[in-house]
1. Quote the charge dipole size of the chain about the Cα centre in Debye, to the nearest 20; the model charges only the Cβ of Lys and Arg (+1) and of Asp and Glu (-1).
2. What net charge do the residues around A602 carry, taking every other residue with its C-beta under 10 Å from that of A602, with Lys and Arg at +1 and Asp and Glu at -1?
3. For the Cα atoms of the chain, what angle does the longest principal axis make with the long axis of helix 693-704, in degrees from 0 to 90, nearest 10?
4. Any chance you could check the Cα centroid distance between region 658-707 and region 541-593 for me, in angstrom?
5. Cα centroid distance between region 497-515 and region 333-382, in Å?
6. What is the local net charge at A413, summed over the other residues whose Cβ is closer than 10 Å to its Cβ (Lys, Arg +1; Asp, Glu -1)?
7. State to the nearest 20 debye the size of the charge dipole of region 566-707 about its Cα centre, where the only charges are +1 on K and R beta carbons and -1 on D and E beta carbons.
8. For the ranges 50-62, 291-303, what's the packing order if you count other beta-carbon atoms within 10 Å of each residue, average per peptide, and put the highest first?
Amino acid sequence: MRALRTLAVLLLGAALVAAPADPARAEDPIRVEAETLGVVSATAPVQAQTDCCGVSWSGGRQLWLRAGRAGDSVTVSLPAVPPGQYDLGGVLTRAQDYGTLRFAVDGVAIGQLFDGYASTVQRTGAVPLGSVSLATGSHRLTVTVTGRAGASAGFFAGLDTITLRRVGPVAAVTTVPYETVGETPTRGALTRVFDPGAGQPAAWYYNDHTIVKNQQTGVWHAFAITHAEPGAPQDEKSFGHATAPTPTGPWTRQPMALTADPAAGEHWIWAPHVVYDNGVYYMFYAAGSPDYANYRMHLATSTDLFTWTRSTANPLFVDGWEGRDPMVTRVGDRWVMYYTATSTPTGGNHVVAYRSSTNLRTWSARAIAYSSPQTGRAAGQTESPFVVRRGDWYYLFVCCDGTDYGAAYRRTAVYRSRDPLRFDGADKVAVLDAHAAEVVVDGSDWYLSHAGWGQGGLWLAPLTWSTGVVERGYTMSTGFLRADVRTWPQARIASLAVDPAGGGSYRPALDSSHRGTSPYLAVGRFDVTDRAGAPARIDVSADGSRINLVGIPFGDEPVTADWLLTVAPRWTGPALQSDIVWSVNNWPTAAVWEVAFNVDGALPAVGDPAVEARATGDVTGMPPWTMNTGDGLSVVAVHRWASAWRGDNTWYDAGHAMAAWQPLWRSGGTSWAPGQYPGGTWRIVASGIRRDVAFADGAYAAINAVP
């Protein structure tokens with residue numbers, strides 16, 4: 001870390017040279033003795049302590065909070081200052097019986113944690129406390145003891161001086177809460193409508209299937225993977241076929257619809273899906289082979305749903321790992337096929353891939369509609385994709401939701417998006433009890449199907465749609481930026497748009513094309529295992545310039561985070577500042593591989609001071625800044641050096657123009673002891689110039705200037 005700190009000092013020096021003059025810095029800072037500030041309230045004894053223990057404080061005294069437990073606090077009145085945006089700093093005390101502190105102004109947090117523990121009594125240098133907008137009138141500073149380091153013998157706190165440096169005008173921020181009302185699906189009671197084992201000497205199953213209506217006769221047809229129990233995927237060589245007058249039955253067994261033909265490259269066949277177009281029924285299915293990286297997508301056609309003829313165009317394309325489970329629907333003037341695969345044919349993230357066609361025979365190159373954070377090969381979290389439209393919204397039904405495939409086998413997640421080709425970052429609006437689910441529509445009646453290994457056949461349940469709140473959050477806006485801060489069902493910056501000129505002509509800067517912008521955990525392995533859930537409490541400052549999301553949960557881990565977002569006007573233009581504080585309330589369920597803050601860019605490239613466009617991969621340590629850049633815009637995330645308790649790594653995702661800042665990054669994982677951890681301070685700023693390195697260096701210098 002010494003080498004990293006030396007590099008940071010050199011970079012900071014270079015940035016200070018490169019930075020334009022800052023007119024606001026001509027103003028003299030206001031410095032006050034902390035012990036002279038009027039005490040408004042306190043939950044423990046407060047006194048002006050005179051010099052002791054070999055330490056001389058400014059003015060010979062300090063404000064001493066003799067706290068006895070976590071949660072004790074003192075609130076003091078700040079001096080009257082001209083209105084404006086201020087950086088607050090302080091000179092504090094560390095000692096062997098001092099606690100960990102968090103600061104707040106007018107009841108809403110600012111800045112980062114301060115660890116007051118040291119083996120000897122020490123007077124610190126200047127410490128940045130946070131950024132705050134102060135209007136005309138009185139304001140209060142609260143110092144709360146949130147806990148203590150493991151080696152500390154107490155919870156005391158000591159403040160010597162407080163400094164306020166004006167860095168810009170009052171933050172003219174409009175912050176408006178919102179609730180989005182939309183439809184969500186609910187599955188009713190399941191009814192078994194067909195048992196393929198009835199009349200057989202042994203139990204049989206239906207698995208991935210399709211249910212389609214004959215447009216001429218009105219008879220319903222079901223086609224499915226079928227085999228005797230137990231599940232034997234590499235021996236699934238026939239498609240079962242049944243017919244019924246209605247989706248709910250009664251269903252009658254028919255001869256097998258199609259049997260694998262090794263001469264056609266079909267060692268086994270999976271997951272039929274049938275669509276109708278201009279008098280012809282098209283059955284798409286996966287032709288499996290021992291080469292899992294090159295599964296063949298095949299087509300057979302029929303005019304009556306009984307006799308099927310393989311297409312001479314087979315294979316339509318090849319993909320892997322196990323590119324399978326096709327679903328085809330009409331989107332505008334083209335057909336779109338969704339199917340499950342992995343990010344590379346040899347494995348990686350489970351994805352819902354898609355291709356488009358105008359004739360159902362020739363298909364475009366592959367693109368990605370949704371990428372799961374889970375990685376692997378077979379049996380993942382993007383099986384059996386199915387997309388339906390309701391009004392202006394598209395809903396992706398996809399199995400199997402969860403990290404444990406066995407437990408997730410009957411969990412179908414539903415994501416909602418206005419773009420049928422983009423579900424990354426979309427809100428998960430429901431999780432339904434079903435495997436290999438298909439949505440079946442018969443007039444005004446909607447159904448959800450269910451089948452699979454050990455499930456006893458084909459099941460159907462009513463699918464009802466109800467209108468209610470599907471997301472909550474706040475829109476923070478100035479002339480320079482507009483942020484969608486999502487607070488429910490998951491905490492994230494759903495989008496950020498910027499205008500470096502301040503005129504409100506925003507351009508996309510951050511989006512949710514993959515993970516979104518938020519903290520996350522990777523426990524037991526790399527990549528996102530636990531996303532940020534909905535906070536337990538939300539604190540919003542009276543002027544709307546600060547939102548603190550308190551007590552954000554992370555999956556099933558005994559870990560929470562407080563995430564403070566601040567609009568901080570600077571000479572570089574208003575910025576959105578992020579401060580994360582982690583609380584580990586018990587030992588995590590497994591070794592921790594990543595503790596990270598992800599920045600999901602909306603521009604073509606992501607880089608840093610060394611490289612304009614980083615390839616996907618890891619770079620050890622934390623740079624001064626990362627930059628998303630494109631024509632006429634640079635969006636920079638600058639890092640306050642050493643604001644996190646450690647600084648291991650930065651991971652770049654070139655495909656999503658994304659950077660994950662990882663204070664903790666350890667191959668194989670590491671233990672993470674219970675306690676509180678400063679998670680880092682970043683400021684997101686924008687310039688109207690492509691690859692504006694001088695601007696980024698100046699922003700880095702500004703965030704690292706100590707009041």
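1. 740 debye
2. On the way: positive: R507; negative: D511, D600.
Computed value for this residue: -1.
3. On a 0 to 90 degree scale, this one is about 60.
4. Going from one Cα centre to the other spans 13 Å.
5. Going from one Cα centre to the other spans 29 Å.
6. With Lys, Arg at +1 and Asp, Glu at -1, the net is +1.
7. The calculation lands at about 260 debye.
8. Values: 50-62: 14.9, 291-303: 19.0.
Those peptides, ordered most packed to least, come out 291-303, 50-62.
The values are calculated or read from the model by the stated rules, or taken from the named source; none is laboratory data. Given the structure is predicted, the values throughout are model-derived calculations rather than measurements. No Cβ is skipped: glycine too gets one built from the backbone with ideal geometry, and neighbour counts run over all protein chains shown. Accessible surface areas use protein heavy atoms only, side chains included; no ligands, DNA or RNA. Shrake-Rupley method; radii C 1.70, N 1.55, O 1.52, S 1.80 Å.
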